[in-house]
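The values are calculated or read from the model by the stated rules, or taken from the named source; none is laboratory data. Being a predicted model, the structure only gives us computed values, none of them experimental. Every residue, glycine as well, gets a Cβ built from its backbone with ideal geometry; the counts of neighbours run over all protein chains shown. Heavy atoms of the whole protein, side chains included, go into the accessibility calculation; ligands, DNA and RNA do not. Shrake-Rupley method; radii C 1.70, N 1.55, O 1.52, S 1.80 Å.
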Amino acid sequence: AQRVTQPEKLLSVFKGAPVELKCNYSYSGSPELFWYVQYSRQRLQLLLRHISRESIKGFTADLNKGETSFHLKKPFAQEEDSAMYYCALLDNYGQNFVFGPGTRLSVLP
Amino acid sequence: GAGVSQSPRYKVAKRGQDVALRCDPISGHVSLFWYQQALGQGPEFLTYFQNEAQLDKSGLPSDRFFAERPEGSVSTLKIQRTQQEDSAVYLCASSLERGRVGAFGSGTRLTVV
């Protein structure tokens with residue numbers, strides 16, 4: 001069965017520092033990977049998906065099939081980036097959408 | 001409506017009580033998902049509907065949990081004889097795309113006392 005792991009429960013960085021939120025997955029097929037974000041008192045929302053190859057709010061993520069990773073990166077963190085971040089995987093049958101446990105990012109002034 | 005709407009926002013139930021949680025997806029959205037999110041955890045899949053058909057209910061933790069979407073729009077998640085371990089935020093999500101999670105609701109926070 002597919003599984004998503006996010007090894008860090010909490011990640012604290014200073015404003016302007018680079019940030020990398022780790023995500024690893026276990027799935028033998030060709031999954032689709034996503035990052036979701038939940039700001040304080042707001043609902044969970046899609047940040048980006050790997051097939052779009054887009055940069056949203058300065059964040060990017062590259063799917064590395066060899067390392068089965070989909071780490072989220074931003075070169076210069078901002079205080080407004082403080083939130084919970086969830087990595088998620090969709091299997092290649094399009095039937096199982098699985099979330100990781102989440103990482104709380106705290107950007108310090 | 002503009003987004004996925006869930007009601008009630010908060011529900012306190014006595015142990016053993018039955019509860020019903022409602023989800024109004026975005027109009028026209030084919031896919032509807034229910035997730036359970038315990039404190040400090042990521043959302044855990046419960047069940048998935050494509051229109052009115054419940055295609056996957058493998059995540060429902062016990063036969064006390066039941067979900068329906070009879071007309072392919074509004075969905076209800078029912079929990080019978082609630083237990084303390086059922087305390088969690090129950091999230092609903094809908095999407096135009098089959099099988100893909102799109103917009104989330106704000107969730108219903110269920111507390112069983």
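Restricting attention to the range A:71-91, the residues being loosely packed, with under 13 Cβ neighbours inside 10 Å and either at pLDDT below 95 or among the acidic types (D, E) (or both) number 2.
If B:E85 passes every condition in (1) within 14 Å of chain A (Cβ to nearest Cβ); (2) more than 21 Å from A:S40 (Cα to Cα) but one, which one does it miss? B:E85 satisfies all of (1) within 14 Å of chain A (Cβ to nearest Cβ); (2) more than 21 Å from A:S40 (Cα to Cα) except (1).
Hey, any hits in the range A:17-28 for a residue that's more than 29 Å from B:L32 (Cβ to Cβ), in contact with a strand residue (DSSP E or B) (Cβ under 7 Å, 6 or more places away or on another chain) and buried (at least 20 other Cβ atoms within 10 Å of the Cβ)? Looking for residues that are more than 29 Å from B:L32 (Cβ to Cβ), in contact with a strand residue (DSSP E or B) (Cβ under 7 Å, 6 or more places away or on another chain) and buried (at least 20 other Cβ atoms within 10 Å of the Cβ), one finds at least one in the range A:17-28, hence yes.
Here A:Q45 meets each of (1) open to solvent by 50 Å² or more (accessible area, probe 1.4 Å); (2) out of contact with any strand residue (DSSP E or B) (no Cβ under 8 Å at 6 or more places or on another chain) with one exception, condition (2).
Looking across the range A:58-70, the residues that are surrounded by 12 or more Cβ atoms within 10 Å (Cβ to Cβ) and either acidic (D, E) or not in a strand (DSSP E or B) (or both) come down to A:G58, A:D62, A:L63, A:T68, A:F70.
Residue-wise test of (1) of a type in the set (S, T, Y); (2) open to solvent by 50 Å² or more (accessible area, probe 1.4 Å).
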site: B:A53; (1), (2): no, no
site: B:K57; (1), (2): no, yes
site: B:R64; (1), (2): no, no
site: B:T76; (1), (2): yes, no
site: B:Y90; (1), (2): yes, no
site: B:G99; (1), (2): no, no
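Restricting attention to the range B:19-41, the residues that are in a loop (DSSP other than H, G, I, E, B), touching a strand residue (DSSP E or B) at 6+ places or on another chain (Cβ under 7 Å) and either more than 18 Å from B:L55 (Cα to Cα) or free of Cβ contacts under 8 Å to residues at least 24 places away in the same chain (or both) add up to 2. Listed by position, the strands (runs of 3 or more DSSP E) enclosed by the range B:51-90 that each have at least 2 residues that are modelled with pLDDT under 95 are B:53-56. Within the range A:54-74, residues that are at positive phi have Cβ atoms under 6 Å from residues that are open to solvent by 30 Å² or more (accessible area, probe 1.4 Å) in these pairs: A:T68/A:N24, counting only partners at least 6 apart in sequence or on another chain. Taking (1) modelled with pLDDT under 90; (2) more than 12 Å from chain B (Cβ to nearest Cβ); (3) under 26 Å from B:S106 (Cβ atoms) in turn, A:L48 satisfies each apart from (1).
Of the residues making up the range A:71-109, just one is facing chain B (nearest Cβ under 9 Å), of a type in the set (S, T, Y) and part of a strand (DSSP E or B), namely A:Y86.
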